[in-house]
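The structure under discussion appears below in the form of structure tokens.
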Amino acid sequence: MSWITVIWSMAAGVSLTLAAVNLLVWLRDRDAVANALFSVSAVAAAVLAMQELAVMRAQTPAEFGAILRWMHVSAATIVIATVWFIRLYLGAGRRWLAWAITGLRLLVLIPNFMLYPNATFAEVHALNPVSLLGETLSAPVGEMNPWRHLILLSTVLLCIFVVDAALAARKLGKGRQGMVLGASLLMTIILAALFSALMVRGVLPSAFIALVYLVFVLAMAFELSVDMIRARQVAGELRDSRERMRLAARAADLGLWEWDVVRDEIWSNDVDHTSAGVFGGKRIGLADYLELVHPDDRDRLETTIRRTMAQAWELQVEYRMIGADSTERWISAWGKVEYGESRQPLRLRGVSVDITARKQLEAEAQRHCSQLARVQRGFVLGQLSSALAHELNQPLGAILRNAEAGEAFLRQDPPNLAEVGEILADIQKDDQRAAAVIQRMRSLLQHGELCFGVMRPLELVQQAAALLEAEMGAQHVALGIAVPADLPEIRGDRIHLQQVLVNLLLNSLDAINAAKHGQRQIDLHAARAGEAMVSLVVEDSGTGFAPARLADLFEPLYTTKPDGIGLGLSLCKTIIDAHGGRISAVNRPRGGARIEVLLPVAAADESA
Amino acid sequence: MVFIVDDDASFLKSIERLLRSAGFVTQCYSSAVDFIAQQAPDRVGCVLADLRMPDMDGIALQAHLARSGNPLPVVFLTGHGDIPTSVEAMRQGAEDFLVKTAPKEAIIAAVERALARGAKERVFRAHRRALQARLNTLTPREEQVLSHVMNGSKNKQIAAALGIDERSVKRHRSHLMRKLEVTSIAELAQLVFEAGAREDDSYRTAK
């Protein structure tokens, strides 16, 4: 066997081997199109090697020309596949250049097949015997085809494309790949152009493209081995990272989970059964998991998950699970959805943690707040006791006087029954009046946990104002109420919200008394504040707040009153916060204070 | 006559009934302003007023009456008698201060006391007015002499102070003693005291 045959066959073999490796990569991961393209170009290079072997041993000029014609197809395939491989592999290179090179190479194929014999030669006159490695081969002698300039142009563009892509890859942090592939490819192109020129001049029997291409193939082989080394490293890091994650999860009692949406399988890390919202061991479906969730939270959790997936939100949800010992555990879960190429959800991944203790503390705090609010209401009642007693004694006094008068009228001779009849009617009226006063007072004495309901702002304001009507009257303060009747309903605890308004109005009353002179006027008005809120504003003509203290106005135990306990405003803030609202205070430019309370509008399905 | 002033219509009606059934003659007003607007200077009786009322409260009403020529006695009623308001009312010279739910007997006794005091004060005021009328007949010179006499000055001193002779002083003295229908310095002193003691400023306004 001749050396020529051995060398060229080996070149073809190397190319084919790399092609096979890259093809395998692509078969495993269909996203690795770059590897597939490399595979195509390497196969074309192997084919070209065989064609070169044949062309060097051509017997007649016609045979030489015909083989060279088909070699153009292989060369074009190599160039086009390589260009797009570079673009995908490095993620760099100008698209228009890639298309220009592709276009030129395909264009050259037209005259290649239309004109005789091919795109390189206009005519091959004769074959010149050349001696190489102890073998006599045929080098062509002929006239050059002007279409060959297109090939040269495409080669120049290819050089520019490669250099540009390598430089751009450096900016993308792929400097090494850019260097290795760019340099090797540039060398390949220059050598191919050089040998091609020598062949055209009849010095060489062929352009030796298949041999030259080996430079690029070897560079690619180097890249692959680097990738493999890195893959091993990554695998090690992944193992470490997994171990660290497992430790962290264990230390923090974190549940890690993943729901494969397509297969409907939930995987979770190994934490005790249903603690942290996960379960070790067997793989279960979403329906099985929901079985472990508290029945009251089941629908809400499922809806939240579906909505999260549909809207590409982050999952953030709190729900209860029933443990193996039938105890209730609060779980807080956080997760993210991973989507496939056509935006279909593939998996939902996340962490969860047992927040039962926190929930218990929250409930405890809530209870304390309710108790404190009740104590403060008692304090308010104390403040109002004089006015309320006065209000109550009016009807009681009237009842007593009427009864005494009635008795006297009955003793008259004859008894004045007409008068007694009127008296009895009046007694009934006054009795109802007294009952209404007691009813109002009771609202301040009622204890109770937060009990959310839906109410109209006007009603709330009127009830709070009724509690203070007597006090305001006694102190000669006018209360102006402006609440549009068409405001949306708000959601909240009626008694606590009343308490907030009563506190604010009492503060205003005190501020007006402290101011001593000026208008004795408090305004309470409400308005819509955006889509989701209703604003209630209490304004007075009193002394206002000391500017330096505006910041800690809502701190507990802050008071400006000699007999105050400093709970009013801080409690207002606590209550409003628990309602998801906001409270803020400012001084009016023309004097006096202005406090604004923002409360959330009741959801449409809550309104009565 | 008992004038009842209360802004609470229902209580106004009930207390009116009670007093009427107890034999009093009454007249009702729903506010102090109303009462003052219709006030006749020769009203006789007492006022039964609510302490807490809008616009003009009981204490302001009492102060207004005291300034007028006919200071009727006032009995205060209140829904709830807390300490600060009762102290204030008493300081202002309220005849009585009662809560609206006080026993019937207490209210009736207070009204009777007020009426009696009103009658006594009326007699006293009439007497004083008569004495003041006598004082009003004095000439300016006689008045000057009177004030010096009341200070305990001798005729000689008075003459020196006024720049007139002693005989003229004696003449003025006897004239004024005759006009004031007194025979001794002691009687003169009592008259001046009775005419001006109770309400010094009303003596002065009368002049």
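The values are calculated or read from the model by the stated rules, or taken from the named source; none is laboratory data. No experiment lies behind these values; they were computed from the predicted model shown. Positions of Cβ are backbone-derived with ideal geometry, glycine not excepted, and every protein chain shown enters the neighbour counts. Heads up: the accessible areas ignore ligands, DNA and RNA and are worked out on the full protein's heavy atoms, side chains in. Shrake-Rupley method; radii C 1.70, N 1.55, O 1.52, S 1.80 Å.
Rounded to a whole number, what is D in µm²/s for the protein assembly as shown from Stokes-Einstein with the Kirkwood radius over alpha-carbon pairs (37 °C, 0.692 mPa s)?
Approximately 84 µm²/s, per Stokes-Einstein.
Any idea which of B:HIS175, B:ALA186, B:THR137 is furthest toward the positive side of the dipole for segment B:130-206, if Lys and Arg beta-carbons carry +1 and Asp and Glu beta-carbons -1?
B:HIS175
May I ask for the accessible area buried between chains A and B, both sides summed, probe 1.4 Å, to the nearest 100 Å²?
Between A and B, the summed buried area is about 2000 Å².
Taking amide H atoms as placed 1.01 Å from N in the peptide plane, list the residues 5 or more away in sequence, or in a different chain, whose amide H sits under 5 Å from that of A:ALA602.
Here A:GLU489, A:ILE490, A:ARG491 satisfy the definition.
With a Förster radius of 25 Å, plug the Cβ-Cβ distance of A:LEU153 and A:ALA122 into 1/(1 + (r/R0)^6) and report the FRET value to the nearest 0.05.
On the way: r = 18 Å, r/R0 = 0.72.
For R0 = 25 Å, the calculated efficiency reads 0.90.
When a/c is below 1.5 the answer is rounded, else prolate if a/b is larger than b/c, else oblate, so apply that to segment A:301-348 with a ≥ b ≥ c taken from the square roots of the Cα gyration tensor eigenvalues.
prolate
Can you list residues whose amide H is under 5 Å from A:ALA122's amide H, if they're 5+ apart or on another chain and H is modeled 1.01 Å from N?
Excluding prolines and chain starts, which carry no amide H, the hits are A:GLU143, A:MET144, A:ASN145.
Karplus couplings for segment B:21-36 from phi (6.51 cos²θ - 1.76 cosθ + 1.60, θ = phi - 60°), rounded to Hz, Gly and Pro as x?
Per residue, the Karplus-derived 3J(HN,Hα) values read 5, 8, x, 8, 9, 10, 8, 10, 9, 8, 7, 5, 4, 4, 4, 5 Hz.
Just the C-alpha atoms of segment A:177-260: what Rg/Rh do they give, with Rh taken as the Kirkwood radius? Please report the intermediate quantities before stating the final value.
Values: Rg = 24.4 Å, Rh = 16.8 Å.
Rounded to two decimals, Rg over Rh is 1.45.
Taking every Cα atom in segment A:252-354, find the radius of gyration and the maximum pairwise distance Dmax, and write them in Å.
Answer for segment A:252-354, Rg first and Dmax second: 12.9, 43 Å.
How large is the charge dipole for segment A:1-129, taken about the Cα centre, if only the Cβ atoms of Lys, Arg (+1) and Asp, Glu (-1) carry charge, to the nearest 20 debye? Intermediate values should be presented prior to the final figure.
Values: 8 positive and 5 negative charges, 74 e Å.
Dipole size: approximately 360 debye.
Nearest 0.05, what FRET efficiency do A:GLU338 and A:ALA183 give at R0 = 30 Å with Cβ-Cβ as r?
The value I calculate is 0.20.
In degrees between 0 and 90, to the nearest 10, how far off the longest principal axis of chain B does helix B:58-67 point, with axes built from Cα atoms?
Long axis of B:58-67 versus the principal axis of chain B: about 20 degrees.
Ordered by residue, what ³J(HN,Hα) values in Hz, to whole numbers, does segment A:221-231 give under the Karplus form 6.51 cos²θ - 1.76 cosθ + 1.60, where θ = phi - 60° and Gly and Pro are x?
Rounded to whole hertz, the list is 4, 4, 4, 4, 5, 4, 4, 5, 4, 5, 4.
Treating only the Cβ atoms of Lys and Arg (+1) and Asp and Glu (-1) as charged, compute the dipole magnitude of the protein assembly as shown about its Cα centre; round to the nearest 20 debye.
Computed about the Cα centre, the dipole is about 2420 debye.
Can you sort A:TYR339, B:TYR29 by 1.4 Å-probe accessible area, starting with the largest? Working shown, then result.
Numbers: A:TYR339 50, B:TYR29 10 Å².
If we order A:TYR339, B:TYR29 from most to least accessible, we get A:TYR339, B:TYR29.
Using a Gaussian network model of chain B with C-alpha springs under 10 Å, which one of B:ASP42, B:ASP34, B:ASP57 is most mobile by mean-square fluctuation?
In the Gaussian network model the winner is B:ASP42.
Considering amide H positions built from the backbone, and no H for Pro or chain starts, which residues 5 or more places from B:PHE97, or on another chain, come under 5 Å of its amide H?
B:PHE76
With a 1.4 Å probe and every protein chain left in place, work out the accessible area per residue of chain A in Å², rounded to a whole number. Walk me through the numbers on the way to the answer.
Details: 30870 Å² over 608 residues.
Value for chain A: 51 Å² per residue.
Loop only per DSSP, at most 16 neighbouring Cβ atoms within 10 Å: give me the GluC sites (Glu not before Pro) in segment A:436-487, ordered by residue number.
Filter output for segment A:436-487: A:GLU449.
What whole-number distance in Å separates the alpha-carbon centres of segment A:293-360 and segment A:93-112?
Comparing the Cα centres of segment A:293-360 and segment A:93-112, I get a distance of 54 Å.
Positive end of the charge dipole of chain A (Lys, Arg +1 and Asp, Glu -1 on Cβ, about the Cα centre): tell me which of A:ALA11, A:SER225, A:LEU286 has its Cα farthest that way.
Working it through, the farthest residue towards the positive pole turns out to be A:ALA11.
Suppose every K and R has +1 on its Cβ and every D and E has -1 on its Cβ; what is the size of the dipole of segment A:102-193 about the Cα centre, in Debye to the nearest 20? Spell out each step's value before the answer.
Numbers: 6 positive and 4 negative charges, 133 e Å.
My answer is approximately 640 debye.
Can you compute the helix-only [θ] at 222 nm over chain A? Use -39500 (n - 2.57) per DSSP H run of at least 4 residues, normalise by all residues, nearest 500 deg cm²/dmol.
Here the helix-only value at 222 nm equals -20500 deg cm²/dmol.
Using a ≥ b ≥ c from the Cα gyration tensor of segment A:433-542 (square roots of the eigenvalues), is it rounded, prolate or oblate, where a/c under 1.5 gives rounded and otherwise the larger of a/b and b/c decides, a/b for prolate?
Because a/c hits 1.5 or more and a/b fails to exceed b/c, segment A:433-542 counts as oblate.
When the Karplus curve 6.51 cos²θ - 1.76 cosθ + 1.60 is applied with θ = phi - 60°, which whole-Hz ³J(HN,Hα) does each residue of segment B:125-142 get, with x for Gly and Pro?
Computed from phi, the couplings for segment B:125-142 are 5, 5, 4, 5, 4, 5, 4, 5, 4, 5, 4, 5, 6, 5, 7, x, 5, 4 Hz.
Heavy atoms only, probe 1.4 Å: what % of the accessible area of segment A:361-449 goes to carbon and sulfur, would you let me know?
60
Alpha carbon centre of segment B:133-158 versus segment A:177-203: separation in Å?
For segment B:133-158 versus segment A:177-203, the Cα centre distance is 147 Å.
Excluding ligands and nucleic acids, what accessible area in Å² is computed for A:ASP510 using a 1.4 Å probe, to the nearest 10?
50
Taking the alpha-carbon centroid of each part, what is the distance from segment A:24-45 to segment A:215-270 in angstrom?
24
Taking each pair of different alpha-carbon atoms in segment A:452-608 once, compute 1/r for the pair, average those values, and report the inverse of that mean as the Kirkwood hydrodynamic radius in Å to one decimal.
This gives a value of 15.8 Å.
Which of B:PHE3, B:VAL33, B:PRO73 sits closest to the plus end of the dipole of chain B, meaning its Cα is farthest towards the positive end, when Lys and Arg get +1 and Asp and Glu get -1 on the C-beta?
The Cα lying farthest towards the positive end belongs to B:PRO73.
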